[in-house]
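Q: I'd like to ask some things about the structure below.
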Amino acid sequence: MRASMSSLERSRRDCYRYNLQKMEAICHAGFEDVGSHGWEHVERVRLLCRKIGKSEGADPTILDVAALFHDTMRASDDHALESAEFADTVLPLMGFDPEFCDRVHEVIATHSF
């Protein structure tokens, strides 16, 4: 059984809940509605992150935010790094702490090979 949530985890969860619709709108704005890497792809990645993250004990908030932002700069040559850098510009403005932003950055920057 998991220990009780720390105040930092609670703060991150609250920040996530408060900003979720804004993040979805920002990330969705850059996608076409259809195609293999359209918004439907992002939704599939989010579902996979929930499933795999749960079995691996990963932080679901970090995974979901990373999934939202992971292809925001899909048209660029190094989309993983540029998507991570885009998240770096948005997340602090929404109140996410630096460690959270660093962890999201790492997930996004390393998601592609």
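Q: For the list (1) touching a residue at least 24 places away in the same chain (Cβ under 8 Å); (2) in a loop (DSSP other than H, G, I, E, B), I need the number of the one condition that SER76 fails.
A: Of everything listed in (1) touching a residue at least 24 places away in the same chain (Cβ under 8 Å); (2) in a loop (DSSP other than H, G, I, E, B), SER76 misses just condition (1).
Q: While we're here: Mind counting the residues in the stretch 79-113 that are aromatic (Phe, Trp, Tyr), part of a loop (DSSP other than H, G, I, E, B) and closer than 14 Å to ILE26 by Cβ?
A: Number of matching residues: 1.
Q: Under 7 Å between Cβ atoms, at least 6 apart or on separate chains: pull out the pairs that start in the stretch 85-110 with a residue that is free of Cβ contacts under 8 Å to residues at least 60 places away in the same chain and closer than 19 Å to ARG13 by Cα and end on any residue that is of a type in the set (A, V, I, L, M, F, W, C) and in a loop (DSSP other than H, G, I, E, B).
A: CYS101/LEU91; VAL104/LEU91
Q: Could you say which residue among SER11, SER4 is surrounded by 15 or more Cβ atoms within 10 Å (Cβ to Cβ), small (Gly, Ala, Ser) and either at pLDDT below 95 or not in a helix (DSSP H, G or I) (or both)?
A: SER11
Q: Just to be sure before I move on: is THR72 touching a Gly at 6+ places or on another chain (Cβ under 8 Å) and either surrounded by fewer than 19 Cβ atoms within 10 Å (Cβ to Cβ) or at pLDDT below 95 (or both) in the structure I sent?
A: Criteria met by THR72.
Q: Only residues that are modelled with pLDDT of 95 or more and surrounded by fewer than 16 Cβ atoms within 10 Å (Cβ to Cβ): list them for the stretch 104-113, please.
A: GLU106
Q: Can you name the condition, by its number, that ARG44 falls short on among (1) among the basic types (Lys, Arg); (2) closer than 23 Å to SER112 by Cβ; (3) modelled with pLDDT of 95 or more?
A: Of the numbered conditions (1) among the basic types (Lys, Arg); (2) closer than 23 Å to SER112 by Cβ; (3) modelled with pLDDT of 95 or more, the odd one out for ARG44 is (3).
Q: Next up: Looking only at residues in the stretch 48-69 that are touching a residue at least 24 places away in the same chain (Cβ under 8 Å) and hydrophobic (A, V, I, L, M, F, W, C), which one is surrounded by the most Cβ atoms within 10 Å (Cβ to Cβ)?
A: VAL65
The values are calculated or read from the model by the stated rules, or taken from the named source; none is laboratory data. None of these values were measured; they are calculated from a predicted model. Note: ideal-geometry Cβ built from the backbone for every residue, glycine included; neighbour counts use all protein chains shown.
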